[in-house]
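S.K.: Here it is, the structure, as structure tokens.
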Amino acid sequence: MSPDTKRIVLIAGGFLLISAVTIGAIGATVFDAGMLVVQVREEGGSDVSIKVPAVLVHAAVRLVPNRCFEEARAEMGAEYDRVRPAVRALWRELEDVPDFVLVEVAGRDEQVLVRKQSGRLVIDVDSDRERVHLVIPLRTVDSILGRLERAA
């Protein structure tokens, strides 16, 4: 093999290696952040299923103008300011505790289950008319709460 051919092979191999490492790192980041899942099944047969990588939600939260978070804080009022430290502490601690049920309500026509499961907040609502399933990574909620906090 000529020296020029060796050089081209080495450059191409290096490029492939760098590409593979970059793609692996992106994949690991997306996997680590988790997925935001919204599924709605209505009695009439209409189904909605949306799955969004939480990484995109984190990026979107950074792009939302500060004014929007300031307006949201103003709408929440002074009550939020009083409970904010406790809410932030709760979200930080949730990742370290074992999975558990936060809320379970069983009514005549509807059942609601809110639980912490594998680093995610999972909300299920079942009724005669519809079934709703939400999965929100805890880090995503923490990111939004942090953004609200910085808007003060």
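S.K.: Please compute the length gained on full extension between residue 109 and residue 125, using 0.36 nm multiplied by the number of residues separating them and subtracting their Cα-Cα distance.
M.R.: Values: separation 16, 0.36 × 16 = 5.76 nm, distance 1.06 nm.
Gain in length upon complete extension: 4.7 nm.
S.K.: Something else now. At what distance in nm do the modelled label points of residue 66 and residue 80 sit from each other, each positioned 7 Å from its Cα along Cα→Cβ?
M.R.: 1.6
S.K.: So, one more: Taking DSSP loops as anything outside H, G, I, E and B, show the longest stretch in the chain free of trypsin sites (Lys or Arg not before Pro) there with at most 11 other beta carbons within 10 Å.
M.R.: So the longest stretch without any such site is 1-107.
S.K.: Right, something else. About the Cα centre of the chain, what is the dipole size in debye to 20, counting +1 per Lys and Arg Cβ and -1 per Asp and Glu Cβ, all else neutral? Display every interim value, and only then the final one.
M.R.: Numbers: 20 positive and 23 negative charges, 174 e Å.
That gives a dipole near 840 debye.
S.K.: Here is a follow-up. With n ≥ 4 as the cut-off for DSSP H runs, can you work out [θ] at 222 nm for the chain, using -39500 (n - 2.57) per run divided by the number of residues, rounded to the nearest 500? It would help to have the intermediate numbers written out before the result.
M.R.: Numbers: 4 runs with 83 residues, N = 152.
Only helices count here, giving -19000 deg cm²/dmol.
S.K.: Which loop-located GluC sites (Glu not before Pro) does the range 85-117 contain, where loop means any DSSP state but H, G, I, E or B and the Cβ has at most 15 other Cβ atoms within 10 Å?
M.R.: The qualifying sites are 95.
Coordinate-derived values only; no laboratory data. For clarity, every value in this text was computed on a predicted model and none was experimentally measured. Virtual Cβ from ideal backbone geometry, glycine too; neighbours counted across all protein chains shown.
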